Each structure stands twice: as structure tokens, then as C-alpha cells.
Amino acid sequence: MDIILFYGLAVAGVAWSYTKSRQKTRQALQKAWKSFENILPSFAFILLLIGASLALISPSAVSELLGAQSGWAGLGIAAALGSITLIPGFIAFPLARAVLEMGAGIMQVAVFVSTLMMVGVVTAPMEARYFNRKTMLLRNGMSLLYSFAVAYVLAKVVG
Amino acid sequence: MTVLMRYKWVILALAADFAVFAWNPVWGRQIAFQTTNSFVEMLSFLPPVFIILGLLDVWVPREVVISHLGRGSGLRGMTLAIFLGAAAAGPLYGAFPVAAVMMKKGASLYNVMLFLGAWSTLKIPMFLFETQYLGLTFSVTRWICSLVGIVVMAFLIDRWVPEKEKQEIYNKHQ
């Protein structure tokens, strides 16, 4: 679905641009290629890491570590897993539910989901290149802390 | 040679994958499968995103971005930044190149951080998916908490990064 939307938009945009100015269109495509090629080595490395981690980490092992009684240790593991891994949402949410049904705690799952989305250890070097180290550390550090606050609220409201 | 140097981490990771494959072909095949999937996911949205960014870069005048998302764009700028992030799709790493073009065109760091925060955790398609799997109470509560959080964090980052460093960040994208 997304794929058609994105490529459709890009093709429509290029076509529109081409009718307006050939030269500007060429310029735009050159810029697009340059910034893509510039970041490609980092992307490729990250994707290789994601592929390996998704292949080697099993859901049942995850649920064992994140049980409702796992307490702070479980929260810590959930935060670490969420921060380090880069699981796409369409896998993460079914996984989160499966893990909940296997007996994981709501706080642990909430911390996992929150850090998964907001904290990116693997992409941190890339983020530091686009911004700087301090900004990257501030954003990821605060997001990590805040994920615990969100989990606390969620446990009160949902649990 | 320089190309090889640029891709040294990629080559290293590939070598590690092949080593795993040689040691345990079942794991190796799983890695190959998952890696292919993540590359397909990337290729399904990233190239068109870069093309759209290239077009925006060429066609959208700096003044327009500054007036809508620059310093002093106020509540309207904040709302727009959050909306742009929430309407997006794709993993967080896709947001960085977009943020780069926003900065190049003069959006304020505060609004860029709001955009990044919204992209990371407020995405509408993700929210629907989350509701389906974890329930409406869970997803709505998390969405509201996250909204508050990203506004506070963007505010703090904007305050804690000194003017000089902001200038250095913006200079990277000129």
C-alpha cells in the first residue's frame, strides 16, 4: 500500500516538475541521488544488523524475560531491547500482544513499545551526523527516561 | 578503494553473516530471509522519499518554510510540524533526511525536534495498528502521553543546545 503511494507521489512530482522546468527537475534528481548515496553505507549496515537480530531473537525468549514478576530487571531488559532493536511496527505490535498473552507485564511491554519507537541506539551515529552528538544524546536520553513515565501511566490506566 | 572504505562496515557485517551461515545454515537462512525483508522495506519507501525531498528542495522557497516553521512561527508552526511527522510513514531513520531539508530551508530546531518526535511515535498509521493489537485504551493513553513528552523534550533540547552549536548543525545542511 505504502509502496504505491510513495512511488506514485514521487512519479507525479517528477512529472509535474518536468513540465515546469527540465533543468530544475534534473537538479532535483541529482540532489536526491547524492543524498541517498551519501547515507547508503550507514543504511545498508543498519539493515544488515536488523536482519540478523530479527533472525536470532525468538519471541518466546523475549516473553520469558519480560514476565509481570520480572520487575525492574524486566523493565531494564525491555528498555534495552526496545532501544537497541529496530523492529518495524507491523511486527512489533503483534509481538507485543503475543508476549502479553504469554504473561509479560503491561509496564514491561509499554516500555518496550515506547523505547522501540523513540530511542534508536543503532541509528544514533547517523542521527549524530545529521544533528550533533549532544542533540542526539539529549533526544535519546530523555526519550528513554520518558518511556518509563509513559509505562507507569499506562500500567495505572490499562492494568 | 575509497568505495571499499566507505562500505567497510557493510562488508564486515556481510562477512559475519556468511560466517554464521557456514557455522549454522538454518540460522544463516533466517538471517538471509530477514535481511532481504528489511532491504525490501527500505527500498519500498526510501528512494521515493529522497526524490520528493529533492523536488521540495528545488521548488519550495526558503521564505515559505521560514514563515511556516521558522522561529516565531508559534502554535501554528508547532501544529504543522507535529502534523507533518504524524502523517508520515516509515522508520525513524527516514525522518533524518527530511529533517535535514527542513533545517536547510530554515525551520527552527524546536519545530524540527517536534517533527522528529511526532514521526518517531505519533504516526497515525502506526496508531491504528497499535489500537488493533493492544486496544484503544492502551494506544490512546500512549499517544497522549507521547504528545506531551515530545513537546517538553523539543522545548528542552531547544533550550539546552547553545546558539553556536545550532549554527554548526545548520551549517552542515547548507
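State to the nearest 20 debye the size of the charge dipole of chain B about its Cα centre, where the only charges are +1 on K and R beta carbons and -1 on D and E beta carbons. Write down the numbers at each step before the final one.
Values: 14 positive and 9 negative charges, 47 e Å.
That gives a dipole near 220 debye.
Per residue, what accessible area does the stretch B:1-44 have, given a 1.4 Å probe and all protein chains present, in Å²? Write out the running numbers ahead of the final one.
Values: 3220 Å² over 44 residues.
On a per-residue basis, the stretch B:1-44 sits at 73 Å².
Can you tell me which lysines have their Cα less than 21 Å from the Cα of B:LYS164? Leave out same-chain residues fewer than eight positions away.
Candidates past the 8-residue exclusion: A:LYS134, B:LYS104, B:LYS105, B:LYS172.
Considering the stretch B:38-174, what Rg and Dmax in Å follow from its alpha-carbon atoms?
15.5, 45
Using alpha carbon centroids, what distance separates the stretch B:124-174 and the stretch A:1-70, in Å?
20 Å
If only Cα atoms are counted, what is the Rg of the stretch B:31-94, and what is its Dmax, in Å?
Radius of gyration, then largest Cα-Cα span, for the stretch B:31-94: 15.9, 49 Å.
Hydropathy at least 1.0 by Kyte-Doolittle, axial extent at least 20 angstrom from the Cα trace: which helices of chain B, defined as entire DSSP H runs, fit? Before the final figure, lay out each step's value.
Numbers: long enough: B:8-23 (22 Å, 1.62); B:25-59 (50 Å, 0.91); B:136-160 (35 Å, 1.43).
The answer, listed by residue number, is B:8-23, B:136-160.
Give the A-B buried accessible area in Å², both sides summed, 1.4 Å probe, nearest 100.
Numbers: alone 11020 and 11930 Å², together 16420 Å².
Separately minus together, A and B give about 6500 Å² buried.
Quickly estimate the mean residue ellipticity at 222 nm for chain B, helices only: each DSSP H run with n ≥ 4 gives -39500 (n - 2.57), and the total goes over all residues, rounded to 500. Walk me through the numbers before you get to the answer.
Numbers: 10 runs with 145 residues, N = 174.
The helix-only estimate for chain B comes to -27000 deg cm²/dmol at 222 nm.
Using only alpha carbon pairs under 8 Å that are at least six residues apart, calculate the relative contact order of the stretch B:60-171 and give it in whole percent. Display every interim value, and only then the final one.
On the way: 119 pairs, mean separation 31.2, N = 112.
Across the stretch B:60-171, relative contact order equals 28 percent.
Averaged over peptide B:14-23, how many Cβ atoms belonging to another chain are found within 10 Å of each residue's Cβ?
Values: counts 3, 0, 3, 4, 0, 0, 3, 0, 0, 0.
Across the residues of B:14-23, the mean count of other-chain Cβ atoms within 10 Å is 1.
What average count of beta carbons from other chains do you get within 10 Å of the Cβ of residues in B:128-136?
4
Pairwise over distinct Cα atoms, reciprocal of the mean inverse distance: report the Kirkwood radius of the stretch B:1-44 in Å, one decimal place. Spell out each step's value before the answer.
Working: mean 1/r = 0.0875 Å⁻¹.
Taking every pair of different Cα atoms in the stretch B:1-44, averaging 1/r and inverting gives 11.4 Å.
If you roll a 1.4 Å probe over the heavy atoms of the protein chains, what accessible area per residue do you get for the stretch B:60-171, in Å²?
Numbers: 4800 Å² over 112 residues.
That works out to 43 Å² per residue.
Tilt of helix A:22-56 relative to the longest C-alpha principal axis of chain A, in degrees (0 to 90, nearest 10)?
20 degrees
If you place +1 on the Cβ of every Lys and Arg, -1 on the Cβ of every Asp and Glu, and leave all else neutral, what size is the dipole of the protein assembly as shown about its Cα centre, to the nearest 20 Debye? Each step should come with its number before you reach the end.
Details: 26 positive and 14 negative charges, 229 e Å.
Dipole about the Cα centre, nearest 20: 1100 debye.
For the stretch A:5-77, give the percent of accessible area contributed by carbon and sulfur heavy atoms, probe 1.4 Å, rounded to a whole number.
Looking at the stretch A:5-77 in its full context, I get 65 percent from C and S.
How long are the semi-axes of the ellipsoid equivalent to the stretch A:1-74, from square roots of 5 times the Cα gyration tensor eigenvalues, in whole Å, largest first? Display every interim value, and only then the final one.
On the way: eigenvalues 395, 50, 22 Å².
Semi-axes from the Cα gyration tensor: 44, 16, 10 Å.
For the stretch A:1-41, what are Rg and Dmax over the alpha carbons, in angstrom?
Cα radius of gyration and Dmax of the stretch A:1-41 are 11.8, 34 Å respectively.
Around B:PHE83, with a cut-off of 12 angstrom between Cβ atoms, what is the net charge of the other residues, counting Lys and Arg +1 and Asp and Glu -1? Each step should come with its number before you reach the end.
Details: positive: B:ARG76, B:LYS123; negative: none.
Every neighbour counted, the sum reads +2.
Which semi-axis lengths, in whole Å and largest first, follow from the square roots of five times the eigenvalues of the Cα gyration tensor of the stretch A:23-159?
Values: eigenvalues 224, 58, 33 Å².
So the three semi-axes of the stretch A:23-159 are 33, 17, 13 Å.
What whole-number value in cubic angstrom gives the convex hull volume per residue for the C-alpha atoms of the protein assembly as shown?
On the way: hull volume 47.2 nm³, N = 333.
Looking at the protein assembly as shown, the number lands at 142 Å³ per residue.
Express in Å², to the nearest 10, the accessible area of B:GLU41 obtained by rolling a 1.4 Å probe over the protein heavy atoms while all chains stay in place.
Counting only protein heavy atoms, the figure is 50 Å².
Under 18 Å from a point 7 Å along the Cα-to-Cβ line of A:LEU145: which residues of the stretch A:53-80 have their amide N that close?
A:76, A:79-80
Give the average, rounded to an integer, of partner chain Cβ atoms located within 10 angstrom of each Cβ in B:35-42. Before the final figure, lay out each step's value.
On the way: counts 8, 2, 7, 13, 6, 2, 6, 6.
Taking the mean over all residues of the peptide, I get 6.
Sort out for me the Cα centre separation of the stretch A:116-149 from the stretch B:18-36, rounded to whole Å.
Here the answer is 30 Å between Cα centres.
Net charge near B:CYS145, counting Lys/Arg +1 and Asp/Glu -1 over other residues with Cβ under 14 Å of its Cβ? Walk me through the intermediate numbers first.
Working: positive: A:LYS156, B:ARG142; negative: B:GLU130.
Within the 14 Å Cβ shell, the charges total +1.
The values are calculated or read from the model by the stated rules, or taken from the named source; none is laboratory data. Just so it is clear, the model here is predicted, and its values are computed rather than measured. We place every Cβ from the backbone using ideal geometry, glycine too, and count neighbours over all the protein chains shown. Side chains are part of the model used for accessible areas, which takes the heavy atoms of the whole protein and leaves out ligands, DNA and RNA. Shrake-Rupley method; radii C 1.70, N 1.55, O 1.52, S 1.80 Å.
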